[in-house]
Amino acid sequence: MSIDSLADWEGLRGAARVARMTLDLLERNVRPGVTTGELDAIAAALFAAKGARSAPTLVYGFPGTVLVSINDEIVHGVPGPRRIRAGDLVSLDVTVEKNGYIADAARSLVVPPRSGKASRLVACAEAAFAAALPVARAGVPVNEIGRAVEREVRRRGFFVIAELTGHGVGRTIHEPPAVPNRFDPRQTDVLTEGLVLTIEPMVSVGSTRYVEAGDGWTLRTLDGSLAAHHEHTIVITSEAPVVLTNMAA
């Protein structure tokens, strides 16, 4: 969507605020022994308290409130009885619907004791997101975001998951345009003032490809290598983008 009014700004900020609060709360509760289902219940309680709903559940029938992916799971991990262990790389992905507006954000973290490789991979996803922000301005081709992401990921010795992308967002989860994490000459869209989208580097230690797990939701790296994910919902302007899901909760 593109923001057309003050009401749009207020609606998106409301959804984004809940997404940020949920990620902060989940991160505080990630520890050895907790199950992904217990984390999901924590998120569900906060959503209920804030008058929010799970957009993946509403739009796609996802069997949970939030997405929790571990180690070689890139995205769309289904919450359940799996217990988090020391050293796990955990990716938390929260997509909030509130009052008809949707905001999407994700972060990865490593449960202590942290391995150097896992920590570097998480830092890579964060740095790739940061590298893309300066080019995310009105009038710039969308594929310049992917160029910036992939350049930073390669510089750090890791790999972009080639076919997983960011996307427009706001009224539903996945709206145009697709926002590749690599330069894709097929993507010819140009960023416009007020456009709402996600930038979300999904990176791995080894493979650039993914496979779908038997649950029909979870996407894993093809070679079983670690993966990390960092995402925010942003609004394009003629200057620096507004990072909605990174604003103070």
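The values are calculated or read from the model by the stated rules, or taken from the named source; none is laboratory data. Computed from a predicted model, the values in this text were never measured in an experiment. As a convention, Cβ positions derive from the backbone with ideal geometry for all residues, glycine included, and neighbour counts pool all protein chains shown. Calculation scope for accessible area: heavy atoms of the full protein, side chains included, ligands and nucleic acids excluded. Shrake-Rupley method; radii C 1.70, N 1.55, O 1.52, S 1.80 Å.
With the crude spin-label approximation of a point 7 Å out along Cα→Cβ, what separation in nm comes out for N99 versus A240?
2.7 nm
At 1.4 Å probe size, with the rest of the protein present, what percent of the exposed accessible area of the chain is carbon and sulfur atoms? List each step's numbers first, then the result.
Values: 5300 of 10150 Å².
Reported share for carbon and sulfur atoms: 52 percent.
Which value in nm describes the separation of the simple spin-label points at A123 and R83, placed 7 Å from the Cα toward the beta carbon?
Taking the two extended label points, one gets 3.1 nm.
Calculate the length of the line joining the C-alpha centroid of the range 90-149 to that of the range 9-50, in whole Å.
17 Å
Hey, what did the range 1-73 get for relative contact order, percent, Cα under 8 Å, at least 6 apart?
Working: 33 pairs, mean separation 17.6, N = 73.
Relative contact order here is 24 percent.
Obtain the nm distance between the two label points defined at V190 and S5 by a simple spin-label model: each point lies 7 Å from its Cα along the Cα-to-C-beta direction.
Taking the simple label geometry, V190 and S5 are separated by 2.8 nm.
Relative contact order (percent) for the chain, with alpha-carbon contacts under 8 angstrom and 6 or more residues of separation? It would help to have the intermediate numbers written out before the result.
Numbers: 643 pairs, mean separation 57.8, N = 249.
Normalised by residue count, the contact order of the chain is 23 percent.
Given contacts defined as C-alpha pairs under 8 Å and at least six residues apart, what's the relative contact order of the range 47-117, whole-number percent?
Result for the range 47-117 is 28 percent.
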